[in-house]
Amino acid sequence: MSEQSERLLEAMSELPDAQIDAGAEEPPRKKSHWKRWAALAACLAVAVLGVGTLTGLIPLEFGASAGSSGHDEATTFMSYAGPVFPLTLAEENAALTAERDITLDFAPWEPVWQEADWHDEGGFWKSGTDIGVSDAYTLRNQAAEDQTVTVLYPFASSLLELETYLPTLALDGTALEAELYVGTYSGGFEGAYGQSLLEGDPAGSVNLDYAESWEDYAALLKDGTYLANALANGPDVSGIPVTVYRFTDPYGPAADDEAPSPSIRVSFHLDYQETTVLGYGFHAGRYDQEGGTMIQGFSIPAGQRAEDPEPYYLVILGQDIQNMTIGGYVTGGTDADTQPLADCGVTVERYKSDLDTILREILAQIRGETFPEEEPAVDFETYYRAFLEHLLAHGLLSDDPAERYSTGWLEEVASDVRGIDRVCWLAADVTVPAGGSVTLTASMAKAGSYDFYCADRGNQGLYGYDLVTALGSCLTCTEQRATLEDRGQIEIVRQNFGFDLEQGVKTVALDPAEPHYYLEVRRQSGTIPQSPPEAEP
């Protein structure tokens, strides 16, 4: 095995087990020469994973088998927001127990008048479908010595929505400084509609397949490796050499009837078994494994010569590409009969680098130019690690790359990394005095699960909110209670909490042996006013 193969194997072993133009050909799902070792890397992943500064992780409690919730009447929603998870500890501590009090508050459902000059009535009533959650734990210390522990509070979110759904932690009412740990993609992949008929592949991996129920999260968290990976150091690809082709200053004639989309086409030869090509900035491609050729193309920015155009990149792993030719064409198509276009060109720089350096350079460009200031809750290092883990697990550097990323275009991976669901944790150190107690409270907004409006399943206007009592936690809760603040906004359609709004039963005890509680509601009729608020005197 080559040094490069060993480097990639080392990086991959730190992972958990776990738009082409119309005329373009689908790139083959190739196997680079180092990928034959990836199965071994996956097996090694558990063995080599560390847990950074948080050590001593233990098997976690789940309350029941992940196979069944025991309540078949609960709805499986098309868009599942994930449950509210229980607090856990980085290390088991027999001296500590907890009493949990969770409040589900429908205050965001209360309509608020939104002034708008463009509206006929001067504004409109606005309400949300999130709820507020206060998840409080009274931690009791039975020992004669103070106990200092690292608490971990889990929650489901994407990086894109992290600012909205990031919990805040408070100890006895005082805000805590907490460190964020981000897990990998919590779902899988599935085939496109009709793919089984066209390609004989009923599974496929063209589309994202998000978690559909709490059981999916139970399967994700059951053996502790998902959390262990989130707490460990990320993969290191700094030792993997690459050859970079950097394209700048593309130019050509302006678009007209004869050349509706002036484009640059880069063609070259390669051995698909020995070379992997990652790209950025390209949006047309043709992949011919049998012929040993590849085409990558991009449109020339408008104008005779664009001012400060973004660089485009081809990143080569393995053997270098050969016989590169560059030319202008009237459109971005890659067909052989596409008409060439004169007076086109681009500056090409070829240099050696390593995978870590070039990916950081490209990702900084993606983050800064495509999604400016959209992720203030996520620093670059967190974003880069999430991107790198997804690329190694599901992109062309994976042993089994998803068809979704078969072009090798890095912006496709980066875009998904922002939007995919994952489990995250907030970590903070807490001291519980000898024989005493403290109260840790997690406060957050929680999205509801729902069906899309295009679905005709009788669930329009129905929203679901759920929690798990012990999933992923090593903290013993001696009592759990739930309180519903309905605010007069909802009617309950299905539940297993035991709330009874008509009888005023809004606080109930939860059975620790019941792994999953759910609440499904609709807005109560007449709760949104039909006219503007009366003017104040």
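List of remarks:
- Of all residues in segment 408-439, those being of a type outside the set (K, R), in a strand (DSSP E or B) and in contact with a helix residue (DSSP H, G or I) (Cβ under 9 Å, 6 or more places away or on another chain) number 4.
- Taken across segment 226-239, residues that are more than 30 Å from T76 (Cα to Cα), surrounded by 19 or more Cβ atoms within 10 Å (Cβ to Cβ) and aromatic (F, W, Y) do not occur at all.
- Of the criteria (1) modelled with pLDDT under 95; (2) touching a Cys at 6+ places or on another chain (Cβ under 8 Å), which one P154 fails: (1)
- Scanning segment 67-88 for residues that are at pLDDT below 90 and open to solvent by less than 40 Å² (accessible area, probe 1.4 Å) returns S69, A74.
- V417 being out of contact with any Pro (no Cβ under 6 Å at 6 or more places or on another chain) and closer than 16 Å to L87 by Cα: no
- Among the residues of segment 408-441, those that are in contact with an Asp or Glu (Cβ under 9 Å, 6 or more places away or on another chain) and of a type in the set (V, I, T) comprise V417, T431, V432, V438, T439, T441.
- Within segment 123-143, residues that are acidic (D, E) have Cβ atoms under 7 Å from residues that are open to solvent by less than 30 Å² (accessible area, probe 1.4 Å) and not in a strand (DSSP E or B) in these pairs: D130/A447; D130/G448, counting only partners at least 6 apart in sequence or on another chain.
- Segment 522-537: number of residues that are open to solvent by less than 60 Å² (accessible area, probe 1.4 Å) and either over 22 Å from E110 (Cα atoms) or small (G, A, S) (or both): 0
- Any hit, segment 264-283, residues being touching a Cys at 6+ places or on another chain (Cβ under 9 Å), more than 26 Å from R418 (Cβ to Cβ) and buried (at least 23 other Cβ atoms within 10 Å of the Cβ): yes
- Listed by position, the strands (runs of 3 or more DSSP E) enclosed by segment 245-337 that each have at least 3 residues that are of a type in the set (A, V, I, L, M) and modelled with pLDDT of 95 or more are 312-318.
- When V266, V237 are checked against the criterion of being within 32 Å of the chain's Cα centre (by Cα) and β-branched (V, I, T), V237 stands alone in meeting it.
- Condition check for L519: under 26 Å from D223 (Cα atoms), of a type in the set (A, V, I, L, M, F, W, C) and either crowded, with 16+ Cβ neighbours inside 10 Å or over 30 Å from the mean Cα position of the chain (by Cα) (or both): no
- Selection count where residues are aliphatic (A, V, I, L, M), surrounded by fewer than 19 Cβ atoms within 10 Å (Cβ to Cβ) and in a loop (DSSP other than H, G, I, E, B), scope segment 453-512: 2
The values are calculated or read from the model by the stated rules, or taken from the named source; none is laboratory data. Here the structure is a predicted model, which means the values were calculated and not measured. Note that each Cβ is placed from the backbone with ideal geometry, even for glycine, and that neighbours are counted across all protein chains shown. Just the protein is used for accessible areas: all its heavy atoms, side chains included, with ligands, DNA and RNA removed. Shrake-Rupley method; radii C 1.70, N 1.55, O 1.52, S 1.80 Å.
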